[in-house]
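Everything on this sheet refers to the single structure shown next.
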Amino acid sequence: MPVTDPELIAIVQKRVLKKYVCRRCGALNPWGAKKCRRCKSTNLRPKHYEIGGKR
Ligand SMILES: [Zn+2]
């Protein structure tokens with residue numbers, strides 16, 4: 001069931017999507033991270049997750 005409530009989506013995006021994914025090793029890092037906690041790479045990207053996409 002897709003999430004359609006915009007208010008709920010905003011809450012989830014604030015809480016769940018505040019993470020960085022390392023481009024090098026794929027480790028999940030906290031939002032305030034400047035570099036990867038696993039490989040010390042600074043090549044991080046914000047985690048993208050589509051709510052109410054497929055499924
Ligand atoms: Zn890494």
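Since every read-out is calculated from the coordinates, none of them should be taken as a lab result. This structure is a prediction, so every number in the text was calculated from the model and none was measured. Note that each Cβ is placed from the backbone with ideal geometry, even for glycine, and that neighbours are counted across all protein chains shown.
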The chain: angle of helix 6-15 to the longest principal axis, Cα-based, in degrees nearest 10: 20
Efficiency of FRET between C39 and V3 - r from beta-carbon atoms, R0 25 angstrom, step 0.05: 0.15
Segment 6-46: relative contact order in percent, alpha carbon pairs under 8 Å with at least 6 residues between: 35
Within the chain, helix-based [θ] at 222 nm, where runs of 4 or more DSSP H residues each add -39,500 (n - 2.57), nearest 500: -5500 deg cm²/dmol
Cα-based Kirkwood hydrodynamic radius, the chain, one decimal, Å: 12.2
Segments 8-18, 35-45 sorted - mean Cβ within 10 Å per residue, highest first: 35-45, 8-18
